[in-house]
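**Student:** First, the structure itself, so that you have it in front of you.
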Amino acid sequence: MDIKSLIDKLYRTGGLSREEFCEVIGKRDRETEQYARDLACRVREKIYGNNIYIRGLIEFTSYCRNDCYYCGIRRSNHAAERYRLTEEDILNCCAQGYDLGFRTFVLQGGEDGFFTPEKMEKIIKSIKSRYPDCALTLSVGEKEEGTYRIYREAGADRYLLRHETADEAHYRMLHPEELSPEHRKDCLRTLKKLGFQTGAGFMVGSPGQTPETLAEDFFFLRELNPEMAGIGPFIAHKDTPFRQRPDGTLKDTLFYLALLRLMLPEVLLPATTALGTIHPQGRELGVLSGANVIMPNLSPVSVRGKYMLYDRKLSSGAEAAENLEELKHRMENIGCRIVTDRGDAAGWRRNPDKKSEVPEIQRNTI
Ligand code: 5AD
C-alpha cells in the first residue's frame, strides 16, 4: 500500500500493524506529511471545532530522585538549582491562574520524596475545595497504586506520565537500570483503572529512536487508548549525558502529532513547550497538525528559570500564563480560539463512567 493509503487506513480503522507504522514513519515524504497534517487538522475540527484548551502548568518541585539521561533535573545534575513551592505558593498560582481564566491546573514536578502522599493529599484537597469547577492534573511520576489511590480520592482528575518509549531496549538506553519500562507501563494502566483521565507520550528524536521504536510507541498508545497524549522534540541539556545529541526536529514532531490525532481522534493533544522552543511558530504549527491543547506556565516567575528540563526552555512570552492575550491573538491568527472550560476529552464528557471506551465517532465521514 502507498503511504497515503496507509494514512487513510490509520484514520479509518484507528490502527496499523507494526510493519505498516514502520513504513509510514520510515518512508513518508514532504507531500505525505502535509497530507497527514491536513487530515489531522480536519479531524481536530470535526471533534473539537476551533477550540483550543489551556492548562495552567505549575512546576512545583525541581527535586528528583531519578537519573534519566536526557533530563536536566536528573539527580546527578549538581549544577541544577533546586526549589520547592509551598502549599501557599501553589494556591497563589492557582488563584492567579483562575483570575486569568484557567480551569485546569497541572501540578508537575520531579519525583520528590518531600511531597509524601499525605502532603499531596492535603494540597489536592485544598485546590479542589477552593476550585471545585476546575480540573486538577498531576504529573509527578511513578508511584505505588496506594499512592495514586490517595491522589484520586483526594480529588485529582487527571494524570500525565509519558511512557517515554515503548521499546524495551530503547527505554534502557534512556534510563538507568533501576527504572523499568514494565513498571512505567503498569503505572499507566493503574492510573486508568483508578479512573484518572490519563496521558502518556514520548519525546521525538530521543537518542536511539528509530521507526521501529516509534512503531512500538504508536502500538502501545493504541492499546492504552489514553485521554491525553504528550509529545515534543527531545532537546539536549548541557549538563546531561546527552548534551551532544541532536535535537528532535519540528517536521518529525508535526508528523507524529498528526498520526496521533488520526489514530486517537478524541485525544487531548498539547502543542508542547518543547515544540515552541525549537521553532518560534511551533505551537501554531502543532495546532495546524492536530494539537488542541496549550499549557502556559503558571509557576512563580522567580522559579521559572530553574525547572530546566532542557536548554533554552521557554517560560516567557506566549508561554507565560500572564500573557494569555498574546496567545489568544496567535491562535486567532490561525482560525482558533482559546476556551476556558475545563476541557475534558470528548468521549469522557459523553460517558464519564466508561473509562476505556473506544471512541464511537464515525471515522469515515470526513
Ligand atoms: N527534551 C525534551 N523533553 C524532555 N523531557 C525531559 N527531558 C527532556 C529533554 N531533554 C520531557 C520528558 C518528561 C517530560 C516532563 O519532559 O518526556 O516526561
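**Student:** Just for region 51-65: of the residues that are in contact with a Pro (Cβ under 8 Å, 6 or more places away or on another chain) and within 14 Å of the ligand (Cβ to nearest atom), which one is farthest from Leu107 (Cα to Cα)?
**Tutor:** Looking at residues that are in contact with a Pro (Cβ under 8 Å, 6 or more places away or on another chain) and within 14 Å of the ligand (Cβ to nearest atom), I get Arg55.
**Student:** Could you please tell me which pairs satisfy a Cβ distance under 9 Å, a separation of 6+ or placement on different chains, a first residue in region 158-169 that is among the aromatic types (Phe, Trp, Tyr), and a second residue that is within 15 Å of the ligand (Cβ to nearest atom) and in a loop (DSSP other than H, G, I, E, B)?
**Tutor:** Pairs found: Tyr159/Val140.
**Student:** A further question follows. Kindly establish whether Arg103 is out of contact with any helix residue (DSSP H, G or I) (no Cβ under 7 Å at 6 or more places or on another chain), more than 16 Å from the ligand (Cβ to nearest atom), closer than 30 Å to Ala346 by Cβ and not hydroxyl-bearing (Ser, Thr, Tyr).
**Tutor:** When the stated conditions are applied, Arg103 passes them.
**Student:** Kindly indicate the residue of region 213-223 that is under 15 Å from Leu262 (Cα atoms) and buried (at least 21 other Cβ atoms within 10 Å of the Cβ) and also nearest to the ligand (Cβ to nearest atom) among those meeting that condition.
**Tutor:** Once the filter is applied, the top-ranked residue is Asp217.
So that you can scan it fast, the table gives a plain yes or no per residue for (1) hydroxyl-bearing (Ser, Thr, Tyr); (2) more than 14 Å from the ligand (Cβ to nearest atom); (3) at pLDDT 95 or above:
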site	(1), (2), (3)
Thr165	yes, no, yes
Tyr171	yes, no, yes
Glu178	no, yes, yes
Glu182	no, yes, yes
Asp186	no, yes, yes
Arg189	no, yes, yes
Leu194	no, yes, yes
Ala200	no, no, yes
Met203	no, no, yes
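**Student:** Mind checking whether some residue in region 117-132 is touching a residue at least 40 places away in the same chain (Cβ under 8 Å), surrounded by fewer than 17 Cβ atoms within 10 Å (Cβ to Cβ) and out of contact with any Lys or Arg (no Cβ under 6 Å at 6 or more places or on another chain)?
**Tutor:** Checking region 117-132: not a single residue is touching a residue at least 40 places away in the same chain (Cβ under 8 Å), surrounded by fewer than 17 Cβ atoms within 10 Å (Cβ to Cβ) and out of contact with any Lys or Arg (no Cβ under 6 Å at 6 or more places or on another chain).
**Student:** Looking at (1) within 16 Å of the ligand (Cβ to nearest atom); (2) open to solvent by 40 Å² or more (accessible area, probe 1.4 Å), find the lone condition where Lys313 falls short.
**Tutor:** (2)
**Student:** Can I ask one more? Considering region 224-241 alone, what residues qualify as being in a loop (DSSP other than H, G, I, E, B), more than 6 Å from the ligand (Cβ to nearest atom) and among the aliphatic types (A, V, I, L, M)?
**Tutor:** Matches in region 224-241: Ala236 only.
**Student:** Additional query: Which one is farthest from Thr32 (Cα to Cα) among residues in region 242-264 that are within 16 Å of the ligand (Cβ to nearest atom) and open to solvent by less than 20 Å² (accessible area, probe 1.4 Å)?
**Tutor:** If we take residues in region 242-264 being within 16 Å of the ligand (Cβ to nearest atom) and open to solvent by less than 20 Å² (accessible area, probe 1.4 Å), then Phe242 is farthest from Thr32 (Cα to Cα).
**Student:** Next question. Restricting to region 325-352, name every residue that is open to solvent by less than 40 Å² (accessible area, probe 1.4 Å) and either modelled with pLDDT under 95 or under 24 Å from Gln197 (Cα atoms) (or both).
**Tutor:** Matches in region 325-352: Ile338, Val339, Gly343, Asp344, Ala345, Ala346, Gly347, Trp348.
**Student:** Of the residues Leu214, Leu269, Leu260, which single one is among the aliphatic types (A, V, I, L, M) and closer than 20 Å to Ile334 by Cα?
**Tutor:** Answer to the check: Leu269.
**Student:** In this structure, is Thr210 within 28 Å of Leu285 (Cβ to Cβ), within 14 Å of the ligand (Cβ to nearest atom) and of a type outside the set (Gly, Ala, Ser)?
**Tutor:** No; evaluated as a whole, the condition is false for this residue.
**Student:** Another one. Out of everything in region 133-150 that is farther than 19 Å from Pro226 by Cα and either open to solvent by 10 Å² or more (accessible area, probe 1.4 Å) or among the hydroxyl-bearing types (Ser, Thr, Tyr) (or both), what residue ends up being farthest from the ligand (Cβ to nearest atom)?
**Tutor:** Ranking the qualifying residues of region 133-150, first place goes to Asp133.
**Student:** Okay, next question. Of all residues in region 151-163, how many are more than 16 Å from the ligand (Cβ to nearest atom) and touching a Lys or Arg at 6+ places or on another chain (Cβ under 7 Å)?
**Tutor:** Count: 2.
**Student:** I'd like the residue in region 265-284 that is open to solvent by 10 Å² or more (accessible area, probe 1.4 Å) and within 29 Å of Ser17 (Cβ to Cβ) and, out of all such residues, is nearest to the ligand (Cβ to nearest atom).
**Tutor:** Of everything passing the filter in region 265-284, Thr272 is nearest to the ligand (Cβ to nearest atom).
**Student:** Limited to region 314-340, what total is found for residues that are in a loop (DSSP other than H, G, I, E, B) and touching a Gly at 6+ places or on another chain (Cβ under 8 Å)?
**Tutor:** Result for region 314-340: 3.
The values are calculated or read from the model by the stated rules, or taken from the named source; none is laboratory data. No experiment lies behind these values; they were computed from the predicted model shown. For neighbour counting, all protein chains shown are included, and Cβ atoms are generated from backbone atoms with ideal geometry for every residue, glycine included. The protein model used for the area step is the full one, side chains on, heavy atoms only, and it has no ligands, DNA or RNA in it. Shrake-Rupley method; radii C 1.70, N 1.55, O 1.52, S 1.80 Å.
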